[in-house]
Amino acid sequence: MSTPAEAVPAGLRGRRVAVLVAGGIAAYKVCALVSQLTRAGCTVRVAMTEAAGRFVGEATLRGLSGHPVLTDLWAAGGAAEPHVELGDWAEVVLVAPATAHALARLAHGLGDDIVAATVLAARSPVVVAPAMNDAMWGKAVVAENVATLRRRGLTVVEPEAGRLASGHVGSGRLPEAAVLLAAMDGALGESGDLRGRRVVVTAGGTREAIDPVRFISNYSSGRMGFALAAAAAERGAEVVLISAAAHPAHPRVEVRPVESAEDMLGALREAVPGADLLMMAAAVADYRPAERSETKIRRENREELVLRLERNPDLLASLATSPGTENLFRLGFAAEGEDLWEHTREKLSRKGLDAILGNDIRRADIAFGSEHNAGTLLFRDGSRVDIERVTKREMADRILDAVVPRLPAR
Ligand code: CTP
């Protein structure tokens, strides 16, 4: 069976997926799916009913997912409420195979096994993939349970017709992996407030070459930009991250590495037309060496070396009139010391921004390279949102919470 990681839709890669397995023969197919999701960068955690354990081994699913498998609500030594913990954690839940019995439990809101209880505790979209004998699938009670689940907002994937384990030919087979993956991707996308939006983020301090081995740069770590890109991707956006820094990126973020401010401008010109949101978290070097030596500058007998610097273009200003940016919401960043708010407000208007995040570089607890940040978002209409010290990843979500409702409608 071939289950290439590349076949996993981009919207699903890197997600936290809870796979809940009920007791049906098709449980063996779920093993391949768990492996495929894991290889595509998803974190997969599995829970299975006691009956599922008669079809596939807990050790198999533990090995393939790389995480302990929940087998009942009362496991010794685990979380006090394992179903609540798993339901909280998951970004999407898949119940596969969902037996007739499991469908009945879900439709009636029972919570007496780990699968049903986790679905009750889920805060994320739930996809249910029924698989059973054709006569069972054909029963009115099963159809009513499915209709109930759909009415309540769960995604129920239609089983496929074909040869069934019982030897009968009919409807009831667990669909191909591609169908399940597409259903999870679809369910996830509907929940993101940036679904269908294109977002461009810049990150890191640009490097302005002096010669092939030296450059001028700054202390920016690029972490805020990577956090913003990840947060936007998790909210369903298509994200391009133009970065002068190298960190592991969210699997759904397309990273375009750059070095200098000039490279960054070229990459921006390519990426922004048609985009909805630009977040300029990069610390763009204001000056670059006027001449870049093609060969390594030797010390020789030189007592001093004079570098003449010339100004880099202002990237935001250069993009101001770029075609295809009429609806682009521009968010800038200002890391300032003295006269913080005066400078921040001035940049907001001078650079034609829709919003700017100002923060105070004098604060040691949010210094360059820190995992934390704090600051205030100022909007063009004068409104402001204060964000107290939080991790950069959380900061990214706070920023998007404030910005997304202000994006122009498409
Ligand atoms: N920026 C830019 N192009 C530059 C410099 C900065 O687009 N050449 C962007 C940054 O990415 C940031 C915002 O402008 O979002 C503010 O950056 P900052 O370095 O504070 O602004 P400067 O224009 O360099 O102002 P100053 O040097 O006076 O602080």
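The values are calculated or read from the model by the stated rules, or taken from the named source; none is laboratory data. Quick caveat: nothing in here was measured; it's all calculated off a predicted structure. Neighbour counts are summed over all protein chains in view; Cβ atoms, including those assigned to glycine, are modelled from backbone coordinates with ideal geometry. Only protein heavy atoms, including side chains, enter the accessible area calculation; ligands, DNA and RNA are left aside. Shrake-Rupley method; radii C 1.70, N 1.55, O 1.52, S 1.80 Å.
See the values below:
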quantity: Computed [θ] at 222 nm, helices only, for the chain once each DSSP H run of length n ≥ 4 contributes -39500 (n - 2.57); calculated: -9000 deg cm²/dmol
quantity: Alpha-carbon Rg/Rh ratio, for the chain, with Rh computed the Kirkwood way; calculated: 1.09
quantity: Segment 141-230, accessible surface, carbon-and-sulfur percent (1.4 angstrom probe); calculated: 51 percent
quantity: Y28, Y219, reordered so the largest accessible area comes first (probe 1.4 Å); calculated: Y219, Y28
quantity: Qualifying GluC sites (Glu not before Pro) for segment 265-352 [loop in DSSP, other Cβ within 10 Å: at most 15]; calculated: E291, E294, E300, E303, E304, E326, E338
quantity: Segment 144-268 - convex hull of alpha carbons, volume per residue in Å³; calculated: 154 Å³
quantity: Contour excess over end-to-end distance, with Cα ends at R298 and D112 and 0.36 nm allotted per residue; calculated: 59.5 nm
quantity: DSSP-loop trypsin sites (Lys or Arg not before Pro) across segment 264-333, with at most 16 other Cβ within 10 angstrom; calculated: R292, K296, R298, R299, R302, R308
quantity: Rg [Å, one decimal], Dmax [Å, integer] - segment 16-61, C-alpha atoms; calculated: 10.0, 29
quantity: Estimated inter-spin distance, A75 and R195, nm [label 7 Å along Cα→Cβ]; calculated: 3.1 nm
quantity: Considering only the chain, percent of DSSP beta bridges that pair antiparallel, nearest 5; calculated: 30 percent
quantity: Selected from P125, P97, P248 as most flexible by GNM, with the chain as the system and alpha-carbon contacts under 10 Å; calculated: P248
quantity: Qualifying trypsin sites (Lys or Arg not before Pro) in segment 55-158, DSSP loop, other Cβ atoms within 10 Å at most 14; calculated: R123, K139, R152
quantity: Principal axes of segment 272-364: Cα extent on each, largest first, Å; calculated: 55, 37, 20
quantity: Mean separation of Cα contacts under 8 Å (6+ apart) over length of the chain, as relative contact order %; calculated: 11 percent
quantity: Degrees separating the helix 140-151 axis from the principal Cα axis of the chain, which is the longest one; calculated: 20 degrees
quantity: Residue-normalised accessible area of the chain, given per residue in Å² at a 1.4 Å probe; calculated: 47 Å²
quantity: Directionally averaged projected area (convex hull, Cα atoms, segment 370-410), nm²; calculated: 3.2 nm²
quantity: Gyration tensor over alpha-carbon atoms, segment 57-164, equivalent ellipsoid semi-axes in Å; calculated: 25, 16, 12
quantity: Residue-span extension gain [E144 to D314] - 0.36 nm each, minus C-alpha spacing; calculated: 55.0 nm
quantity: In Å², nearest 10: area of T148 left accessible to a 1.4 Å probe; calculated: 20 Å²
quantity: Cα convex hull of segment 126-209, projected area averaged across orientations, nm²; calculated: 9.2 nm²
quantity: Reduced Cα scattering model of segment 95-154, Debye log10 I(q)/I(0), q = 0.17 Å⁻¹; calculated: -0.50
quantity: Separation of the E262 and L307 label points, Cα + 7 Å toward Cβ, nm; calculated: 1.5 nm
quantity: Helix axis angle, 261-271 relative to the chain longest principal axis, alpha carbon, degrees; calculated: 40 degrees
quantity: Cα long-axis angle, helix 223-234 against the chain (0 to 90 degrees, to the nearest 10); calculated: 30 degrees
quantity: Principal axis box of segment 1-86, alpha-carbon based, largest edge first, Å; calculated: 37, 27, 17
quantity: Added length on full extension, which subtracts the Cα-Cα distance from 0.36 nm per residue, T376 to R152; calculated: 76.7 nm
quantity: Accessible surface, 1.4 Å probe, highest first, among residues W74, W341; calculated: W74, W341
quantity: Sites V213 and E176 - FRET efficiency at Förster radius 35 Å, r taken between beta-carbons, to 0.05; calculated: 0.10
quantity: Percent RCO, i.e. relative contact order, over segment 248-398, from Cα pairs under 8 Å lying at least 6 residues apart; calculated: 17 percent
quantity: Top of A374, A290, A281 by mean-square fluctuation, Gaussian network on the chain, Cα under 10 Å; calculated: A290
quantity: D339 accessible area, 1.4 Å probe, all protein chains in place, Å² to nearest 10; calculated: 90 Å²
quantity: Choice from P323, P68, P313 showing the highest fluctuation, given a GNM over the chain with Cα pairs closer than 10 Å; calculated: P323
